[in-house]
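Down below is the structure, laid out as structure tokens.
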Amino acid sequence: MANRPLKLEFDGAHGAKLAARLDLPAGKIRAFALFAHCFTCSKDIPAARHIAGALSAEGIAVLRFDFTGLGGSGGDFSSTGFSSNVEDLKLAADFLRRNYEAPQLLIGHSLGGAAILSVAADIPEARAVVTIGAPSDADHVVHNFGGSVDEIREKGAGDVDLAGRTFTIRKEFLDDLEAQTVRSKAANLGKALLVMHAPLDDTVGIDNATNIFVAAKHPKSFVSLDKADHLLTRSEDAIYASRVIAGWVSGYLDTEAKAASQVVKEGVEVMETGQGKFQSMVAVGHHRMIADEPVDFGGFDSGPSPYEFLSTALGACTVMTLRMYADRKGLNVDRIGTRVLHDKVHASDCQECTDDQKERGGKIDRFERLITLEGNLDSATRQRMLEIADKCPVHRTLEAGAAVVTREIGAE
């Protein structure tokens, strides 16, 4: 199950603040993805929500945002163009790279798909690209402007009604669209490509998918969204597309061997993401996790708290220690588990504390392990395994205490 999306923002190509959402997995983060929505749409359309939810359930964090002047983002839509959308995407990738991790997966819906194809070469960490109902030429969107095109060209700007909303389109916007070469971008993609399109799409015809697919080089795949419309408005179509993407991309993600610059070769690195009051990215080797505090304490609740990480260390060490003992003794233990509870209690009230701990006074951290042992074991063996749990190295560290040395690095 995925965590709730985090509300974020970053600076767009025109300097306006762009509204974004980051869907984070509940557990380990395998990779990050960047989603580009359709023309005049927003990050919150059903297709975007379903795809982000499905991918986060598979361990892939997804950043989706509103282009300049759309949805919750600032700026003037009439001053934007296809090129500025591409620049917004570059800045979104930079935002992920700087605060979390560069995206390995790029997904674009409709004109967002054309933009994703155009920006992919500028995101070297990206390994896979998905287009949904994307035009093979960016200026394909112009036919939606109807009779307003001539007015726009003659007067330099004109109002266009799209999906019940009125947008001001400038001549520069048309010129920018016509100058794009989406098919050539697809031909030189250099990344795995999945083309998804609905044969009944009456907004962007299926021939566009053919043009993109033919232009692209392998590895490439095509999936037909047989009964879907252009916006994937039926939830079953959006859910189907999201499941296909989640399954397809698993073969292309670099989840183990991260780029050398992203691998922490020694120790554990924790860095603020700049989002919220407490959220931090935890890097251990090539693993990535989020640390945070609960909402009640001013955090996003986007990841375990520091004490929950500490409890995790004790629980994991306990299970591993017991498994090693069971295997060495040839015990019939099917599965071992533990739940760790943490609290701060007055030392004088701690029945399990030693005399030295009680003499210190004040409050003391109390960890309680609730161990489960599944298997055919007699009571004596079960008692012995509870004793072995106390030999867990993390348990011993917590009881004995540790020296913590602090120094600053990189100071002038």
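Quick notes
- Taking amide hydrogens as placed 1.01 Å from N in the peptide plane, the amide H of Ser305 sits under 5 Å from those of Asp292, each at least 5 positions away in sequence or on another chain.
- Of the residues Arg366, Arg243, Arg234, the one that moves most in a GNM of the chain with alpha-carbon contacts below 10 Å is Arg366.
- The H on the amide N of Phe222, modeled in the peptide plane, is under 5 Å from the matching H of Val195, each at least 5 residues off or on a different chain.
- In Hz, Karplus ³J(HN,Hα) per residue of segment 238-250 (6.51, -1.76, 1.60; θ = phi - 60°; x = Gly, Pro): 5, 5, 4, 4, 5, 5, 5, 4, 4, x, 5, 6, 4
- Each principal axis of the Cα cloud of segment 13-97 was evaluated for its coordinate range; sorted largest first, these ranges are 40, 26, 17 Å.
- Applying 0.36 nm per residue to the separation of Phe77 and Ala157 and subtracting their alpha-carbon distance, the gain on full extension is 27.6 nm.
- Long-range HN-HN contacts of Leu6 with modeled amide H, under 5 Å: Leu22, Asp23, Leu24
- Under 23 Å from the Cα of Lys171 - lysines, other chains or at least 8 residues apart: Lys155
- Out of every Cα-Cα pair that segment 113-240 contains, those further apart than 18 angstrom amount to 58 percent.
- Label zone (Thr168, point 7 Å along Cα-to-C-beta; backbone nitrogen cut-off 15 Å) within segment 79-97: 79-81.
- Highest average first, the peptides 329-337, 93-101 ordered by how many other beta carbon atoms sit within 10 Å of their residues are 93-101, 329-337.
- Folded to 0 to 90 degrees: helix 306-329 orientation relative to the chain principal axis, Cα: 60
- When the Cα convex hull of the chain is projected onto planes of every orientation, the mean area is 26.6 nm².
- Karplus-derived 3J(HN,Hα) values for segment 49-59, using 6.51 cos²θ - 1.76 cosθ + 1.60 with θ = phi - 60°, are 5, 5, 5, 4, x, 5, 5, 5, 5, 9, x Hz; glycine and proline are entered as x.
- Of the beta bridges in the chain, as assigned by DSSP with both residues counted there, near 65 percent are antiparallel.
- Rounded to the nearest 20, the Cβ-based charge dipole of the chain about its Cα centre (Lys and Arg +1, Asp and Glu -1) stands at 1180 debye.
- About the Cα centre, charge dipole magnitude for segment 61-220 (Lys/Arg +1, Asp/Glu -1 at Cβ), debye: 740
- Full extension of the chain segment joining Met320 with Glu178 gains 45.0 nm, where the gain is 0.36 nm per residue of separation less the Cα-Cα distance.
- Placing a label point 7 Å from the Cα of Lys277 along the Cα-to-Cβ direction, the residues of segment 285-315 whose backbone N falls under 18 Å of that point are 291-308.
- Where Ile409, Ile371 fall by accessible area, highest first, once all protein chains stay in place (1.4 Å): Ile409, Ile371
The values are calculated or read from the model by the stated rules, or taken from the named source; none is laboratory data. Computed from a prediction, not measured in an experiment: that's the story for all the values here. Here the Cβ is made from the backbone with ideal geometry for all residues, glycine too, and neighbour counts use every protein chain on show. Keep in mind that these areas ignore ligands, DNA and RNA; they rest on the heavy atoms of the full protein, side chains included. Shrake-Rupley method; radii C 1.70, N 1.55, O 1.52, S 1.80 Å.
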